[in-house]
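The values are calculated or read from the model by the stated rules, or taken from the named source; none is laboratory data. From a predicted model like this one, the values you see are computed outputs, not experimental measurements. Counting neighbours? That spans all protein chains shown, and the Cβs are built from the backbone with ideal geometry, glycine included. Keep in mind that these areas ignore ligands, DNA and RNA; they rest on the heavy atoms of the full protein, side chains included. Shrake-Rupley method; radii C 1.70, N 1.55, O 1.52, S 1.80 Å.
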Amino acid sequence: MFRPRRLSPTILWLVAAVFVLQLLSSAAAIFFLRGQMLEVVRTDRVRQVLDVRDDLLATYLQGGRPSLAQMIVRQQGSAADPTVFIALTGGAVPLLSNLGKAPALDIAPRPRPVMVHLGNDIPDIEGMAIAGQLPDGERLIVGVMGATESRFNLAFATAAGLTILVAVALATASALLLGFEISRRTHAIAETAAQFAQGNFGARLTDTRSGDGFDHLRLQMNRMAERIDRLVSELSSVSASMAHDLRSPVARLSAAIDTALEKVDDPAALEALQLARENADGLRQMLDTALEITRLEGGAITDRRRAIDLARVAEDMAELYEPLAEQSGVVLATRLDPVVVTADRELVSRAIANLIDNALKYGAKRVVLSTSPGVLTNTVAGPGIAPPAMAEIAVLDDGPGIAAEDRGRAVERFVRLDNARTLPGGGLGLAMVQAVARLHGGELVLSDGPGPVTAGRGLLATLRLPR
């Protein structure tokens, strides 16, 4: 039994894929932003170190070592920034600013990361510094503390954690919304296709005019349905017209045969004319049935549906066929549970009659007619809606049955299987039952009987009608 599920495995895989892609894209954007911001901070620190060094060198060139020492000790100009540290070593007394000990740093053209020692009771911190050689032989070390990569990574990790939580929530929400939207639109297409399969070629997909792939599929399916509907209507019209036009010649043929029967005395001629009369009656009955099936499938009949008890209808038909069953040596048994449905009593009676007649015709020794309520069918309901309960009218025989591969053809009009070609009939009995089932929104199901395979299971024909 098919029950559409919003979170099917396919939708779950799609949701997971969208979630992972969005999460990866968010992570990539975060790490790209981290790299750009870290590069900006590094560039600013390098520029700050170089600016302070250039100011110190300018002071040195203008006033010599005394002016440089005074600037370092008094922390004047750019050297006044508390994050800046300066060391002048190589002389008699080293000069330190914001330092407990001068860092060990080789001379280089660009600033490099160093560990800054501020005091014995203070943990070393990271910084960035550059070392250069003065003309008098002393070494000038200039740097800045803090805002290094490790601290920046720690701060960025906190911010990134919150960003990832938001990204996860948004990715989950968008993935679920996308999954539900795709599921909703695909189920709408599937439900319309199911109506096509049930013969409702007037069903159409709603026009969304979104311009996407689903809208293109909707347009093509609607065009396909319109063409199929037109072809089926034309075919039904031609079939109905032919059947209607043939009724008059068949009636005239029957009248001519009746006239001949009144004027012929030869026993052989009488027998031949009587056989012709029976064939003409059979042909007329076939034409009437074909026309009625066309009207049923086209909905061109008066709505005579009302509440009826299927058990009583089935009991009436069993009593009608009981003499014929006895004459044919067939046991006709009934198992009737009361069940009320809204249906056309005359059409349901004819459908039951066709099922019983079909069972008696094909060599059965025992036929069981039963009714029961509360059966769930494979009818496709809307998303989240359980299939409707169906009442069952079942006819079980112990005849040869119908092979599984032939059951689809057996309910088509004028189709006669190989084992039925020598028996009277026009191949319209099960087609009539199928038309009655579709008119009421039900179905006709052909299956094997419950008997063992080796003994021949027979045929179980079940007419299901909505309760």
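Using heavy atoms of the protein chains and a probe of 1.4 Å, the accessible area assigned to THR186 is about 60 Å².
The figure for SER349 is an accessible area of roughly 20 square angstrom, using a 1.4 Å probe on the protein chains alone. Sorting 317-325, 434-442 by average packing, meaning the other beta carbons within 10 Å per residue, from highest down gives 434-442, 317-325. Once all protein chains are placed together, PHE32 keeps about 140 Å² accessible to a 1.4 angstrom probe. On segment 34-102, 53 percent of the accessible area sits on carbon and sulfur atoms, based on a 1.4 Å probe.
Packing, as the average of other Cβ atoms within 10 Å across residues, places the peptides 90-102, 395-407, 257-269 in the order 395-407, 90-102, 257-269, highest first. Among the aspartates and glutamates, select those whose C-alpha is under 15 Å from the C-alpha of LYS361, and discard any that sit fewer than 8 residues away in the same chain. Partners found: GLU322, GLU326, ASP397, ASP398, ASP418.
Projected label points at ALA272 and ARG112, each 7 Å from Cα along the beta carbon direction, are separated by 12.5 nanometres.
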